[in-house]
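Working notes for the structure below.
The values are calculated or read from the model by the stated rules, or taken from the named source; none is laboratory data. Since we're looking at a predicted model, the values are computed, not measured. Using ideal geometry, Cβ is built from the backbone for each residue, glycine included, and neighbour counts are taken over all protein chains shown. Note: areas computed on protein heavy atoms with side chains; ligands, DNA, RNA excluded. Shrake-Rupley method; radii C 1.70, N 1.55, O 1.52, S 1.80 Å.
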Amino acid sequence: MAAIPAESPAPGPPHPPSARRRRPCAFLSFSAARDRFLRSRFLSAGLRPFSVRLPSPAGTTTIVHLWAPPRPSRRPVLLLHGFGASATWQWAPYLRSLLAAGLDPIVPDLLFFGASSSTLPDRSETFQARTIKAAMDGMGVRRFAVVGVSYGGFVAYRMAAMYPEAVERVVLISSGVCLEEQDLAAGLFPVADVGEAAELLVPRRPAEVRRLVKLTFVRPPPVMPSIFLKDYINVMGSDHIEEKAELLHALISDRKLSDLPKIRQPTLIIWGEQDQVFPMELAHRLERHLGDNSRLVVVKNAGHAANIEKPKEVCKIIVDYFEESDSSPSTGGRRCCCTDCGCGKF
């Protein structure tokens, strides 16, 4: 197993027609143009695209696409995205600050997002965790910190539980890893069951994108023309639709807090105070579950998409956390008094 430059595609059977992205002419597509722009930001930051073909049973294929420095030699930080567009759309604003802090960001597309895919039937976050860990091994990275936003936080948490010798520290952003399936019926979320959750997080029509944006942002765009939303769905959201819905079913069905292992790594929990997708109750539940080994920071005037609404503040919180000396006294579950000003008081 080895990482190869993404421009030289790994051999193997092509994606079936239903899995291929139907890209419109790039010159007429705002989303395609933005995708190119974000890729250029990764390139200008010194990251390069790689494809890691993982060992798989005969007749199957699993490939992880990721961005990384050609030779990650400093402190590697694995960045795991949530549902929505590919990793470049969610992590581009963080690269410069992380690199300036002496960190080497490694940014994969999770399976069935971006250019990562698998023909295996497993849809669990355990399979995602195992796959990303194998990709890190393929890149020669044995120890690293991990940052996960929303769904990526579920995968990050599972990696920390499965590979304590590899994962040094954990940052979870708006990630409801402590949710239970019964929470949906109890009215904790804006959806009542797993099927409705899949419709919300894997939108197929402009009206569904508008609903998702209004739920995830405190200040959503006042105007969202259908022509742009259709373009976004066609360019970024038309592939692996069924697989993404299956990921959500595997994530939520029969989920119980009593089955969630307690990770031992120091863990930072970042949450938007007005999160409507994963309400603050889940942040406090996770803080209680992890105990003194965790710290909760609440980002004011931010919703579920705190990482996009307040990228500078969230990035500063992350960098400050990683810059703390391992020998510094733990702050336990205390939370920052005012993330907006960055005073650092607890």
Over the range 57-187, with every protein chain in place, what whole percent of the accessible area is carbon and sulfur at 1.4 Å, could you tell me? 52
Surface accessible to a 1.4 Å probe, K262 within the full protein complex, Å²: 90
Within the accessible area of the range 229-318 (1.4 Å probe), percent carbon and sulfur: 51
Which sequence of R158, R39 reflects their accessible areas, 1.4 Å probe, from the largest down? R39, R158
Long-range amide H partners of V299 with built H, under 5 Å: W271, G272, E273
Sort M136, M280 from largest to smallest accessible area, using a 1.4 Å probe on the heavy atoms of the protein chains. M280, M136
Using the charge dipole of the chain (Lys, Arg: +1 at Cβ; Asp, Glu: -1 at Cβ; taken about the Cα centre), state which of A101, A192, V167 has its Cα farthest towards the positive end. A101
Treating the beta-carbon of each Lys and Arg as +1 and of each Asp and Glu as -1, no other charges, what is the dipole magnitude of the range 103-168 about its Cα centre, to the nearest 20 debye? 100
Heavy-atom accessible area per residue - the chain, 1.4 Å, Å²: 44
Taking a straight Cα-to-Cα line shorter than 17 Å from K133, and setting aside same-chain aspartates and glutamates fewer than 8 residues away, one finds D104, D109, D122, E125, E165, E168
Pairs beyond 29 Å (Cα-Cα), from K244/K310; K230/K310; K256/K316: K256/K316
Mind ranking R53, R205 by accessible surface for me, highest first, 1.4 Å probe? R205, R53
Under 5 Å, built H, 5+ apart or other chain: amide partners of E324: none
Expressed as a rounded percentage, what relative contact order does the chain have, with Cα pairs under 8 Å and six or more residues apart? 17
Can you grab the distance from the C-alpha centre of the range 166-195 to the C-alpha centre of the range 63-118, Å, no decimals? 23
Got a sec to turn the phi values of the range 304-310 into Karplus ³J(HN,Hα) couplings, 6.51 cos²θ - 1.76 cosθ + 1.60 with θ = phi - 60°, whole Hz, x for Gly and Pro? 4, 8, 4, 5, 9, 5, 10
List every residue whose amide H lies under 5 Å from the amide H of L78, counting only residues 5 or more places away in sequence or on a different chain, with H placed 1.01 Å from N in the peptide plane. I106, A145, V146, V147
Accessible-area value, E309, 1.4 Å probe, nucleic acids and ligands omitted, Å²: 40
Using helices alone, what [θ] at 222 nm do you get for the chain, with -39,500 (n - 2.57) per DSSP H run of 4 or more residues, divided over all residues and rounded to the nearest 500? -10500 deg cm²/dmol
So if I place +1 on the C-beta of Lys and Arg and -1 on the C-beta of Asp and Glu, and nothing else carries charge, what would the dipole magnitude of the chain be about its Cα centre? I want it in debye, nearest 20. 980
Gyration tensor on Cα atoms of the chain, a ≥ b ≥ c root eigenvalues, a/c under 1.5 rounded, else prolate if a/b beats b/c, else oblate, says rounded
